[in-house]
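Colleague: Take this structure first; my questions come after.
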Amino acid sequence: QVQLVESGGGSVQAGGSLRLSCVASGYIYSNYLMGWFRQAPGKGREGVAAIDRIGTTVYADSVKGRFTISQDNARNTLYLQMNSLKPEDTAVYYCARARAPWWLLRPGYTPREADFDYWGQGTQVTVSS
């Protein structure tokens, strides 16, 4: 069965950094588009970044230039490096797998919750001012 297990969240001061990891199992990792989402209190789930099987990436405007999504196919692991963190980045962060294999990102794509079908348990990121 598909499993996604996130780690790396925590509490940091504004301007700090965190690196989130998501270890995937139960499917052929390299066949699927993967994404990071976040949900702040009282808000819906927001697409943060995505990476496809050939390494193309997209980012939400709010994190562009500060966050970097990457993956290690040999370890079935997805990463989100978060630098220059702001209080508004405070949220539960989730990794997710696309609903079908072989999808490739197109310019301007914004990760949509409906495009993903498996989700990790979430990891809390708290940024204090």
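Colleague: How large are Rg and Dmax for the chain when calculated on the C-alpha trace, in angstrom?
Modeller: 13.5, 41
Colleague: Same structure again: What does the net charge come to around Leu105 if you take all other residues with beta carbon closer than 15 Å to its beta carbon, with K and R at +1 and D and E at -1?
Modeller: On the way: positive: Arg53, Lys64, Arg97, Arg99, Arg106, Arg112; negative: Asp52, Asp115.
Overall, the nearby charge balance is +4.
Colleague: What does the charge dipole of the stretch 1-114 about its Cα centre add up to, to the nearest 20 debye, if the Cβ of each Lys and Arg holds +1 and the Cβ of each Asp and Glu holds -1?
Modeller: Values: 13 positive and 8 negative charges, 28 e Å.
Charge dipole of the stretch 1-114: 140 debye, to the nearest 20.
Colleague: May I ask you to rank Leu104, Leu20 by accessible area, largest first, using a 1.4 Å probe over the protein chains only? Working shown, then result.
Modeller: Numbers: Leu104 90, Leu20 0 Å².
Sorted by accessible area, descending: Leu104, Leu20.
Colleague: What accessible surface, in Å², does a 1.4 Å probe find on Thr110, ignoring ligands, DNA and RNA and rounding to the nearest 10?
Modeller: We get 80 Å² for Thr110.
Colleague: On the protein heavy atoms, probe 1.4 angstrom, tell me the percent of accessible surface of the chain carried by carbon and sulfur. Can you show the working numbers first?
Modeller: Working: 3010 of 6390 Å².
That share works out to 47 percent.
The values are calculated or read from the model by the stated rules, or taken from the named source; none is laboratory data. Because the structure is predicted, anything quoted here is derived from the model rather than measured. Here Cβ is always computed from backbone atoms with ideal geometry, including for glycine, and neighbour counts include all displayed protein chains. Just the protein is used for accessible areas: all its heavy atoms, side chains included, with ligands, DNA and RNA removed. Shrake-Rupley method; radii C 1.70, N 1.55, O 1.52, S 1.80 Å.
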